[in-house]
1. Rounded to the nearest 5, what % of DSSP beta bridges with both residues in the chain are antiparallel?
2. Pick out the long, greasy-scoring helices in the chain: whole DSSP H runs spanning 24 Å or more along their own axis by Cα, mean Kyte-Doolittle at least -0.5.
3. What number, rounded to the nearest 500 deg cm²/dmol, is the helix-based mean residue ellipticity at 222 nm of the chain, given -39500 (n - 2.57) per DSSP H run of at least four residues and division by all its residues?
4. Does anything in segment 175-199 have its amide N under 16 Å from the 7 Å Cα→Cβ label point of Arg145, and if so which residues?
5. Rank the residues Asp218, Asp186 as a footprinting-exposure proxy: fewest other Cβ atoms within 10 Å of their Cβ go first.
6. When the chain is treated as a GNM, springs tying every alpha-carbon pair under 10 Å, which of Ser150, Ser217, Ser12 comes out with the largest mean-square fluctuation?
7. Set the Förster distance to 30 Å, then compute FRET efficiency between Met1 and Asn173 from the Cβ-Cβ distance, nearest 0.05.
8. With the cut-off at 1.5 for a/c, could you classify segment 5-230 from its C-alpha gyration tensor as rounded, prolate or oblate?
Amino acid sequence: MTLPVLMYHSVSAGGGMLAVPPRLLAEQLSALRDAGYELVGLTEALSRSDEGGRLLAVTFDDGYRNFLTAGLPVLRETGTRATLYASTGHLGAHADWLGASAADFGPMLTWNELAEVAASGIVEVGNHSLVHHPLDVLPPAQLRREILRSHDDLQQRLQRPVRSFAYPHGYHNRPVRDLVVAAGYDNATEVGRRLHTPRESRYAVPRLQPTPAHAGSDLIALASTGEPGLVPKVKQVAQPGWRLVRRAARLAGKKLT
């Protein structure tokens, strides 16, 4: 059975296509719930994949403070469980990988606020690496630091297992996946823009991106079929070539994500 997985970022009116305002988030999640989906975190969804119910995984990337102040109340209101992926090196600061747009997303959670989220009982905290670098172009030592140090920090600070990983920008390759598996994660997510199927690896779970242009009814269609057209397949096929471009740019001292 296919599994739709949603990928949110900021719960706010600012942030362009990566931000969904609280009332719209409530509309989207309520529509999915009323359509018969049980809204859960990713690890729970994968662990229950043999049950045959209508599960839908809800995830949030990065760890903005507005997840606590605006998103968590909506999750409680709509009966939604979710997974939040935190970029640990940015906690208490801003998402500086966004450049000039970082201010539109507001501050990141602090460690104490992330602990409050983890203690809510409805949010699984996952890892989104240390400083949100594209992992598939990093040298081995830096790659290990990005995945393992952040993993250890989360488990030590939150005093609970961290079982899910989200690849920054969705980029990964075999060495990245192998290290995630070796670190003891149960699953990991990319972008993908399609539904997850049972034959696919649980270490490359694709996700669908709701936007501020999606009404509740649009989310039902998205969860049923994935993104329309050839875009998901074209992006999948183009990844190896794009990785070479990004690796060359990195070696030249340029930041290209």
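1. Percentage antiparallel, nearest 5: 10.
2. Helices meeting the span and hydropathy rule in the chain are 231-251.
3. So the calculated ellipticity at 222 nm is -10000 deg cm²/dmol.
4. Output list for this probe position: empty.
5. Fewest to most other Cβ atoms nearby, the residues stand as Asp218, Asp186.
6. Looking only at Ser150, Ser217, Ser12, the largest GNM fluctuation is found for Ser217.
7. Using R0 = 30 Å, I get an efficiency of 0.60.
8. Rounded.
Read-outs: derived from the displayed coordinates by stated rules, not from any lab. Quick caveat: nothing in here was measured; it's all calculated off a predicted structure. All Cβ positions, glycine included, derive from the backbone under ideal geometry; neighbour counts span all protein chains shown.
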